[in-house]
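Below you'll find the structure, written out as structure tokens, and then a few comments.
Please treat every number below as a calculation from the coordinates, not as lab data. All of these numbers come straight from a predicted model, not from anything done at the bench. A quick note on method: Cβ atoms are made from the backbone with ideal geometry, for glycine too, and the neighbour counts reach across all protein chains shown.
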Amino acid sequence: MPLTPPQPRNWWDLPLGGHEKIWLSIVVLLGLSMFVMMPVWHVFGAQNSPTETYRVSPDYYWEKATKFAAAEGGLSRKVEAGIQPTGDDVYLGALKFGWFPNVLVLEAGRRYRIHVSSKDVNHGFSIHKAGEPSQKANFQVVPGYEHVLPMTFTEAGTYDIVCQEYCGLGHQFMLGRILVERGR
Ligand SMILES: [Cu+2]
């Protein structure tokens, strides 16, 4: 059977067919329900992006992160041992090409306020449980801004921090780690 193109007509003036009406109604209803869900998720969603952000100079933030690491004994300890914060506020800094501090030891089930900022360029704070890269959280790390991310790790284990924003030739080596231990 040879296929022939439809005759040129003004399709806009033709009435809608029955199936077209059904599909268009489904699309409009789906769109409207998503629109309504936006504010609903904002109030009831458990995984909203945090909105607590401050303007800081990169040097000032770095001073805070260094003080935090020093107060927690991190600067005198071996890097691999990690920093185990006593308080709930954790200061994490991103710079080309690493995280400072690059190993944190946190407690499962405890709510932390993880502060992140960058010393130089845009970086990405992407975190996932080791071996489970499909389940992750992702945030931008912008120089000049301090973002406060409330986070509770519900499961103990090793979590990888990966920079997900291309930041230069050493970007792929920009890895950090959070060791989550069962609550004491
Ligand atoms: Cu990067």
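With the highest mean first, a sort of the peptides 110-120, 26-36 on other beta-carbon atoms found within 10 angstrom per residue produces 110-120, 26-36. For the chain, set up a GNM with springs between Cα atoms under 10 Å and report which of Trp99, Trp62, Trp12 has the largest fluctuation. So, out of Trp99, Trp62, Trp12, the one fluctuating most is Trp12.
Neighbour counting of Cβ atoms within 10 Å sorts the residues Lys21, Lys136, fewest neighbours leading, into Lys21, Lys136.
For the chain, the longest principal axis of the C-alpha atoms and the axis of helix 58-71 are separated by about 50°. Using r as the Cβ-Cβ distance of Leu29 and Ala137, and R0 as 25 Å, what FRET efficiency do you calculate, to the nearest 0.05? After rounding to 0.05, the efficiency reads 0.20. Evaluating 6.51 cos²θ - 1.76 cosθ + 1.60 at θ = phi - 60° for every residue in the range 89-95, the Karplus couplings come out as 8, 10, 10, 10, x, 10, 8 Hz, glycine and proline recorded as x.
Below 8 Å between Cα atoms, with a sequence gap of 6+, how large is the relative contact order for the range 53-181 in percent?
Values: 300 pairs, mean separation 36.6, N = 129.
Computed over the range 53-181, the figure is 28 percent.
Helix-only arithmetic for the chain: the sum of -39500 (n - 2.57) across DSSP H runs with n ≥ 4, divided by the residue total, places the mean residue ellipticity at 222 nm at -7500 deg cm²/dmol.
Can you tell me which lysines have their Cα less than 30 Å from the Cα of Lys119? Leave out same-chain residues fewer than eight positions away. List returned: Lys64, Lys67, Lys78, Lys96, Lys129, Lys136. In this structure, the amide hydrogen of Gly124, modeled 1.01 Å from its nitrogen in the peptide plane, lies closer than 5 angstrom to those of Val141, Gln164, Glu165, counting only residues at least 5 positions away or on a different chain. Extending 7 Å from the Cα toward the beta-carbon at both Asp89 and Thr66 defines two label points whose distance is 1.8 nm.
For the chain, the spread of Cα positions along the three principal axes, ordered from largest to smallest, is 81, 38, 37 Å. Quick one: go through the range 127-165 and flag any residue whose amide nitrogen is under 18 Å from the point 7 Å out along the Cα-to-Cβ line of Met37. Backbone N within reach: none found.
Where both bridge residues fall in the range 53-181, DSSP classifies roughly 70% of the beta bridges as antiparallel. Here the dipole of the range 53-181 is about 100 debye; that uses its Cα centre as origin and unit charges on the Cβ of Lys and Arg (positive) and Asp and Glu (negative). Taking the chain as a Gaussian network of alpha-carbon nodes connected by springs under 10 Å, the highest mean-square fluctuation of the residues Pro85, Pro143, Pro39 belongs to Pro39.
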